[in-house]
Amino acid sequence: MSAAGEQLSASVVAAALLGVVVVAAMWWLYFDIVSLVAERRLASVSGREQAAMARDSYSYIHLFMVFGIVLVALGLKKTLLDVGAPLKAVPDVALLGGLALYLVAHIAFRLRNTGTLNRQRLVVAVLLIAFIPVGLAITSLALLAIVAVIVVGLVTYEGSRFRTLRHDLRLHAPEE
């Protein structure tokens, strides 16, 4: 039974859990390494260079991250409303395009702060965009399951590939 007194189906509960998985993966993608490297890079420069980096990274680029998060939230909300039907075009684009936008903003953030390209996030962003037509043809629950598998796959890949970097960043944390 939901808080509104409505009966919850197993499909709605599954969609809610998958939504939590997607949101947790988004959190992980930002806070695992990206934010730590950017923080240290910002602290390593000063003056105009630091001000420009802070402006670009935490104003302009983060704005696109936030837009992506908002779009994903819209897609998740619409998914929960009818898990047995395909999403309409706008929520489909919101879910997949929002997540792709979030990843592209991460790519821009990394480019701005380190001058390097995150290829695996670019591949996943393109893959998500390619799935937009699929989202119009399958149930929203199935689409959300696919999205969850894709982002968990990305997190797993990066967790394995950047294990040493993650360890070194946390081991050699700057003094607060």
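Any read-out appearing in this document is the output of simple, stated calculations on the displayed coordinates, not a laboratory observation. Here the structure is a predicted model, which is why all the values come from computation and not from measurement. Here the Cβ positions follow ideal geometry from the backbone for every residue, glycine too, while neighbour counts run over all protein chains shown.
Quick check: residue separation of Ala85 and Thr114 times 0.36 nm, minus the Cα distance between them. What number comes out in nm? Walk me through the intermediate numbers first.
Working: separation 29, 0.36 × 29 = 10.44 nm, distance 4.27 nm.
Full extension from Ala85 to Thr114 adds 6.2 nm.
To make sure I understand, if each residue's beta carbon is the centre and we count other beta carbons within 10 Å, what order do Ser140, Ser35, Ser57 fall in, fewest to most?
Starting with the residue having the fewest Cβ neighbours, the order is Ser35, Ser57, Ser140.
Between His172 and Val23, what is the spin-label point distance in nm, taking each point 7 Å from the Cα along the Cα→C-beta axis?
3.6
Want the number for Ser160 to Ala73: 0.36 nm per residue separation, take away the alpha-carbon distance, what's left?
The span from Ser160 to Ala73 would gain 28.5 nm if fully extended.
Give me a comma-separated list of calculated 3J(HN,Hα) values for the range 54-68, in order, Karplus coefficients 6.51, -1.76, 1.60 applied at θ = phi - 60°, integers in Hz, x for any Gly or Pro.
Here the 3J(HN,Hα) series is 5, 4, 5, 6, 9, 10, 5, 5, 5, 4, 5, 4, 5, 4, x Hz.
Which whole-Hz ³J(HN,Hα) couplings does the range 139-156 yield from phi under the Karplus relation 6.51 cos²θ - 1.76 cosθ + 1.60, θ = phi - 60°, glycine and proline marked x?
My calculation for the range 139-156 gives 5, 5, 5, 5, 4, 5, 5, 5, 4, 4, 4, 5, 6, 5, x, 5, 4, 5 Hz in order.
Could you tell me which label, among (i) 1.25; (ii) 1.65; (iii) 1.15, carries the value of Cα Rg over 2.2 N^0.38 Å calculated for this structure?
(iii)
Go through Leu122, Pro91, Val21 and say which Cα lies farthest out towards the positive end of the charge dipole of the range 17-167; charges sit on Cβ, +1 for Lys and Arg, -1 for Asp and Glu.
It is Leu122, whose Cα lies furthest towards the positive end.
Assign unit charges at the C-beta atoms only (+1 for Lys and Arg, -1 for Asp and Glu), then state the dipole size of the chain relative to its Cα centre in Debye, rounded to the nearest 20.
380
Highest mean first, what order results for 76-85, 8-17 on Cβ atoms within 10 Å?
Values: 76-85: 17.1, 8-17: 14.5.
Output ranking for 76-85, 8-17: 76-85, 8-17.
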